[in-house]
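Please read the structure below before turning to the comments.
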Amino acid sequence: MSLLVLVLEALLSPLAALAVVLGFLLSPKRGRLSGLHDELPERFGGIRDTALDRLHGREVWWFHAASAGEVAGLTPLLEALHKKGGPALVLTTTTLSGREAARALDTVAWAQLAPIDAWPFVARFLKALSPRRLILAETELWPTTLILAARAGLAPALVNARLTERSLERYRLVSPFLAPALGALSTVAAQSEADAERFASLGVPRARLTVAGNAKYDRALAPAASDAARARVAALGWAGDPLFVAGSTHPFEEEMVLSAFLAARRAVPLLRLVLAPRHLERAADAADLLAHAGLSLARWSGAPQSGRDALLLDEMGVLSSFYPLARAAFVGGTLVKIGGHNLLEPAAAGVPVLFGPHTGHIEQPASLLAADGGGGRRVRDAGELAARLTEFAGDEAAARAAGESARKTAGRLRGAVARTLEALGA
């Protein structure tokens, strides 16, 4: 069956290559064609001579992650391997943003886009790189890559492995096609027992399964409020006022967050809003939304202005420094069907964490935080978000107690790096 999968994907490889080229030609983004020469060789399995020179004579482990989020999840594991003085680490990604995040890591010897998952391209990449291991992140189950890597003796492993119920149902529909790829995995280090059970139901032998957790949570250290964040709060005249920090928000979700904030502010007039959209290119849309609601707005990128109702964070890397200043926090991608973002950042800061029902990507921390004494609150809609926000905004002692519980919950989720390294035999 594995040979059939390889042949089928090889036959489809010209179409895959054409799709990549058409993605450039039809892209509405300006300047996209300028990256054609840079991206295509990597998509087709090529590696630059500078990379090969850098890796010459060294044992190489090939890691793969889809995007910047998965790169962040691998980072603690990469750091641990680097400290051990182990192999040279090569990291491939599916997206360009992921590649940029990977290239920013000092622990990575080389980062580039992954080859298209078809026999000619993957085989070309493997021949040039000659890695000793292949380790993929989360749900990156690429059949040709896994089968060829197993045939080359790379003992493919899946770490930070997760599988939602929704994905499980989709995978079951193509289980005959997926079975050779799953059979190629030597190790699956799952995030939770539920994830491990789902992989087992797809046919992964239990002897190859272990519950290691998510390495990303080993970095859930309490973020510190920066001097710049404290200075901006003071400049806005908000010193002593309760802050509601809503991070990583999405379209349609922001309307619900705003509705909840306005309702809570009727009960707690001094409540202030700090909003950080997930995608910075949407900052203007978020600003318009706040303005239409009658809120006076300051931008992080602008000059400090006192007497404002809300602060819009329109630069990267700022959000975490505001969580420790919050009376309560909301984490986005949860009131809309995204799957959720990082709940542990505000939790580790000792802040009560509010989130919606759509937590497929973060179910383990969401469940722990939502449990009695976990320090988080799962809300179904804007009305429930308003009620929980009003509760914490008006009762500092209750917010402090819930925040301390959230901090303890974040601490319970650490240790995945050590367990994952043990599973890998590293």
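Filtered by the rule that a residue be of a type outside the set (A, V, I, L, M, F, W, C) and closer than 12 Å to Ala410 by Cβ, the stretch 365-387 gives Pro365, Gly374, Gly375, Gly376.
Within the option set Ala212, Ala224, being within 25 Å of the chain's Cα centre (by Cα), within 15 Å of Leu319 (Cβ to Cβ) and of a type in the set (A, V, I, L, M, F, W, C) holds for one residue only, Ala224.
Given the criteria of a type outside the set (Ser, Thr, Tyr), modelled with pLDDT under 95 and in a loop (DSSP other than H, G, I, E, B), does Gly360 qualify? Spelling it out, Gly360 is indeed of a type outside the set (Ser, Thr, Tyr), modelled with pLDDT under 95 and in a loop (DSSP other than H, G, I, E, B). In the stretch 233-250, of all residues being part of a loop (DSSP other than H, G, I, E, B), in contact with a Lys or Arg (Cβ under 7 Å, 6 or more places away or on another chain) and not aliphatic (A, V, I, L, M), the one that is surrounded by the most Cβ atoms within 10 Å (Cβ to Cβ) corresponds to Pro242. More than 20 Å from Arg48 (Cα to Cα) and free of Cβ contacts under 8 Å to residues at least 12 places away in the same chain: does that describe Val174? So Val174 passes the test. Restricting attention to the stretch 270-293, does a residue exist that is in contact (Cβ under 8 Å) with a residue 40 or more places away in the chain and touching a Lys or Arg at 6+ places or on another chain (Cβ under 9 Å)? So far as the stretch 270-293 goes, yes, one or more of its residues are in contact (Cβ under 8 Å) with a residue 40 or more places away in the chain and touching a Lys or Arg at 6+ places or on another chain (Cβ under 9 Å). Of all residues being modelled with pLDDT under 95 and of a type in the set (Ser, Thr, Tyr) in the stretch 297-335, which is farthest from Gly240 (Cα to Cα)? Just the residue, please. Among those residues, the one meeting the criterion is Ser301.
Ser259 satisfies every condition listed in (1) polar (S, T, N, Q); (2) outside any helix (DSSP H, G or I); (3) more than 24 Å from the chain's Cα centre (by Cα); (4) closer than 17 Å to Leu354 by Cα except (2). Filter the stretch 72-91 down to the residues that are in contact (Cβ under 8 Å) with a residue 40 or more places away in the chain and farther than 16 Å from Thr420 by Cα and list them by number. The answer is Pro87, Val90. If the condition is being surrounded by 15 or more Cβ atoms within 10 Å (Cβ to Cβ), acidic (Asp, Glu) and more than 16 Å from Asn214 (Cα to Cα), then the stretch 38-80 contributes Glu39, Glu42.
Within the stretch 332-352, can you find the residues that are β-branched (Val, Ile, Thr) and either within 16 Å of the chain's Cα centre (by Cα) or under 14 Å from Arg378 (Cα atoms) (or both)? Hits for the stretch 332-352 are Thr334, Val336, Ile338. Residues of the stretch 132-141 being crowded, with 22+ Cβ neighbours inside 10 Å and more than 19 Å from the chain's Cα centre (by Cα), which ones? Listed by number, the list holds a single entry, Leu134. Of the numbered criteria (1) in contact (Cβ under 8 Å) with a residue 24 or more places away in the chain; (2) over 21 Å from the mean Cα position of the chain (by Cα), the one Ser320 fails is (2). Looking at this structure, is Thr92 crowded, with 21+ Cβ neighbours inside 10 Å, within 28 Å of Gln364 (Cα to Cα) and among the hydroxyl-bearing types (Ser, Thr, Tyr)? For Thr92, the condition - crowded, with 21+ Cβ neighbours inside 10 Å, within 28 Å of Gln364 (Cα to Cα) and among the hydroxyl-bearing types (Ser, Thr, Tyr) - is met. Among the residues of the stretch 365-379, at least one is in the same structural domain as Val257 (by TED's automatic domain parsing), within 24 Å of Glu140 (Cα to Cα) and buried (at least 19 other Cβ atoms within 10 Å of the Cβ).
Screening the stretch 112-207 for helices (runs of 4 or more DSSP H) wholly inside it with 3 or more residues that are in contact with a strand residue (DSSP E or B) (Cβ under 7 Å, 6 or more places away or on another chain) returns the ranges 193-201.
The values are calculated or read from the model by the stated rules, or taken from the named source; none is laboratory data. Here the structure is a predicted model, which means the values were calculated and not measured. Cβ atoms come from the backbone with ideal geometry, glycine included; neighbour counts cover every protein chain shown.
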